[in-house]
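**Q** Just passing along the structure, written as C-alpha cells.
The values are calculated or read from the model by the stated rules, or taken from the named source; none is laboratory data. A quick note: this is a predicted structure, and the numbers were derived from the prediction, not measured. Cβ coordinates were reconstructed from backbone atoms using ideal geometry, including for glycine residues, and neighbour counts include every protein chain displayed.
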Amino acid sequence: MTKVVFLVSRNKDNKHLPHFKERKETFFCNDMEKAKARFMRFVEGGETGETCRLYVSVNARDEERAKKALVCRLVMDEDVSLCKLETLAVSLAMKAENASEHKWLFDFDCPSEEKVKEFMQELTALDETLSPVCYPTKNGFAVVVMHGFDTRSFLERWAKDLAEVNSAWGVELKRDAMLLYDFKMKE
C-alpha cells in the first residue's frame, strides 16, 4: 500500500529558535522503516533544539489513478517544472478521488486516556465495523476508524462533553487526513 509521508519542521514548534526557517519534505512510501530512516536524516539536518514531525496519510493512495492524474497534468500544463515533479505527484495523489481507502481520523485534543477509551467504546457501540485505533499525538490522541458514518450528533455531544471538563479540549473530524506518526527534537 502506497502512503504519502510528510516531514515538517514548523514555526509553531520552533518559536524558541531565533534564526529558524521552516523545512518540509513529501514523498511516497510503502516501507515505514525507510520512511523512519529518512525522518531521522531530516531531524539531523535541523538545528539543535529543532522539533520535527513525521506525518503519514491515513488512507493509502490509488497509484493508477494518481499516475493518470499526473500524466494528464503533464500533457495539459506545459509550465510544469521537472524540479517539482515529486511534489506535484504527491499533491495529485493526495486528492480525495485518489484515495484507495476511506478511513477517517478524529483529532482528539484531550490528554485523558480514560476519555479517549470512552470515545472509542462509543464508536464501537455505534458500529463494530468502525474498528477504532488510537495513536498518541502531541496534544492528545488521533482515533482512526475504518469508514465514515453520520457524525453530527456524536461529535456535537463529544465536543460539549470535553469542553465542560476543560475548555481547551476538543474533538475534530478529518476525513482524509495525515496522522502524526512521530516527532523528535534534534539533540
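To keep it simple, each residue is scored yes or no on (1) at pLDDT 95 or above; (2) in the same structural domain as residue 133 (by TED's automatic domain parsing); (3) not acidic (Asp, Glu).
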site	(1), (2), (3)
73	no, no, yes
78	no, no, no
81	no, no, yes
84	no, no, yes
87	no, no, yes
110	no, yes, yes
116	yes, yes, yes
119	yes, yes, yes
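**Q** Here is a further query. May I ask you to list the residues in segment 40-77 that are part of a helix (DSSP H, G or I), among the acidic types (Asp, Glu) and surrounded by 14 or more Cβ atoms within 10 Å (Cβ to Cβ)?
**A** Matches in segment 40-77: 63 only.
**Q** Continuing with this model, one more query. Return yes when residue 91 is of a type in the set (Ser, Thr, Tyr) and over 16 Å from the mean Cα position of the chain (by Cα) and no when it is not.
**A** no
**Q** With the requirement that a residue be within 23 Å of residue 26 (Cβ to Cβ) and either surrounded by 18 or more Cβ atoms within 10 Å (Cβ to Cβ) or among the acidic types (Asp, Glu) (or both), what does segment 156-180 give you?
**A** 172, 176, 177, 178, 179, 180
**Q** Does residue 144 qualify as being in contact (Cβ under 8 Å) with a residue 60 or more places away in the chain, surrounded by 14 or more Cβ atoms within 10 Å (Cβ to Cβ) and at negative phi?
**A** Details: in contact (Cβ under 8 Å) with a residue 60 or more places away in the chain: yes; surrounded by 14 or more Cβ atoms within 10 Å (Cβ to Cβ): yes; at negative phi: yes.
For residue 144, the condition - in contact (Cβ under 8 Å) with a residue 60 or more places away in the chain, surrounded by 14 or more Cβ atoms within 10 Å (Cβ to Cβ) and at negative phi - is met.
**Q** Could I ask something else about it? Is segment 123-137 home to any residue that is touching a Leu at 6+ places or on another chain (Cβ under 7 Å) and at pLDDT below 95?
**A** Step one: list which residues in segment 123-137 are touching a Leu at 6+ places or on another chain (Cβ under 7 Å), which gives 123-124, 130, 132, 135, 137.
With the extra rule that they be at pLDDT below 95, the set shrinks to 137.
Among the residues of segment 123-137, at least one is touching a Leu at 6+ places or on another chain (Cβ under 7 Å) and at pLDDT below 95, which makes the answer yes.
Condition check ((1) in contact with a Cys (Cβ under 7 Å, 6 or more places away or on another chain); (2) of a type outside the set (Asp, Glu); (3) free of Cβ contacts under 8 Å to residues at least 12 places away in the same chain) across all residues:
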| position | (1), (2), (3) |
| --- | --- |
| 29 | no, yes, no |
| 46 | yes, yes, no |
| 69 | no, yes, no |
| 82 | no, yes, yes |
| 108 | no, yes, no |
| 111 | no, yes, no |
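**Q** Considering segment 22-39 alone, what residues qualify as being surrounded by 15 or more Cβ atoms within 10 Å (Cβ to Cβ) and not in a helix (DSSP H, G or I)?
**A** 23, 25, 26, 27, 28, 29, listed by residue number.
**Q** If we scan segment 93-109, do we find a residue that is assigned to a strand (DSSP E or B), touching a His at 6+ places or on another chain (Cβ under 9 Å) and closer than 22 Å to residue 182 by Cα? Before the answer, list the steps.
**A** Residues of segment 93-109 that are assigned to a strand (DSSP E or B), as a first pass: 99, 104-109.
Right, trim to touching a His at 6+ places or on another chain (Cβ under 9 Å) and you get 104.
Next, from what is left, pick out any that are closer than 22 Å to residue 182 by Cα: 104.
Scanning segment 93-109 turns up at least one residue that is assigned to a strand (DSSP E or B), touching a His at 6+ places or on another chain (Cβ under 9 Å) and closer than 22 Å to residue 182 by Cα.
**Q** State the number of residues belonging to segment 150-168 that are without any contact (Cβ under 8 Å) to a residue 24 or more places away in the chain and closer than 16 Å to residue 139 by Cα.
**A** Residues meeting the conditions: 3.
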